[in-house]
Amino acid sequence: MLFDNLQGLLRVVVISLLAYAGLVVVLRLAGKRALAKLNAFDLVVTVALGSTLATVLLTQNVALLEGLLAFVMLALLQWAVARLSIASGWFRSLVRSTPRLLVEDGRLCAEAMRQERVTRGEIDAAIRASGTGRIEDVGAVVLETDGSLSVIKGDEKPLTLLRDVRR
């Protein structure tokens with residue numbers, strides 16, 4: 001069966017337009033961070049927003065205003081966690097991970113790779129994507145808090161941006 005009735009299809013069209021507009025307003029008010037992938041909590045909020053939107057669109061027993069309230073609550077929770085992370089070191093360490101050094105001065109940090117479950121192939125791909133062709137030319141590869149790999153090219157000068165990176 002393609003659909004139950006035309007009223008159901010019309011409901012999806014109307015609710016989609018309204019829920020989408022409401023989500024755009026909430027995201028604009030929440031700011032750029034609302035869809036950033038800065039840490040695990042930001043990812044959870046982004047996924048939850050998408051799940052909430054789908055639920056509002058396809059579940060007839062969830063009212064539009066309930067869905068919009070859920071959007072607002074998720075944005076407020078994300079804002080509160082960000083503010084608490086700035087204000088409190090212990091809270092920041094609770095909700096955010098620490099960047100991890102995986103390559104230092106062209107040498108793999110095997111124990112860190114094992115603990116973080118990162119393969120040599122993933123590191124090689126990140127190094128290639130940075131435009132570098134030799135691991136010996138890499139000063140550092142860092143597993144960032146959002147799960148991405150940052151590649152810093154080697155130099156004679158000491159790397160000053162590794163102070164908060166766990167070795």
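Before moving on, here are some points about what is shown:
- Selection from the range 4-40 of residues that are of a type in the set (A, V, I, L, M, F, W, C), modelled with pLDDT under 90, in a helix (DSSP H, G or I) and open to solvent by less than 60 Å² (accessible area, probe 1.4 Å): L27, A30, A34
- Against the criterion of being modelled with pLDDT under 95, surrounded by 11 or more Cβ atoms within 10 Å (Cβ to Cβ), part of a helix (DSSP H, G or I) and under 18 Å from the mean Cα position of the chain (by Cα), A75 qualifies.
Rundown of residues vs (1) among the polar types (S, T, N, Q); (2) over 30 Å from S150 (Cα atoms), yes/no style:
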site: K32; (1), (2): no, no
site: L43; (1), (2): no, no
site: L49; (1), (2): no, no
site: A54; (1), (2): no, yes
site: N61; (1), (2): yes, yes
site: L64; (1), (2): no, yes
site: V81; (1), (2): no, no
site: W90; (1), (2): no, no
site: L108; (1), (2): no, no
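- Boolean, R92 is touching a helix residue (DSSP H, G or I) at 6+ places or on another chain (Cβ under 7 Å), open to solvent by 60 Å² or more (accessible area, probe 1.4 Å) and either at pLDDT below 95 or within 30 Å of R134 (Cα to Cα) (or both): yes
- Only one of the numbered conditions (1) outside any strand (DSSP E or B); (2) within 22 Å of the chain's Cα centre (by Cα); (3) not charged (D, E, K, R) is not met by L102, and that is (1).
The values are calculated or read from the model by the stated rules, or taken from the named source; none is laboratory data. Just so it is clear, the model here is predicted, and its values are computed rather than measured. Neighbour counts are summed over all protein chains in view; Cβ atoms, including those assigned to glycine, are modelled from backbone coordinates with ideal geometry. Note: areas computed on protein heavy atoms with side chains; ligands, DNA, RNA excluded. Shrake-Rupley method; radii C 1.70, N 1.55, O 1.52, S 1.80 Å.
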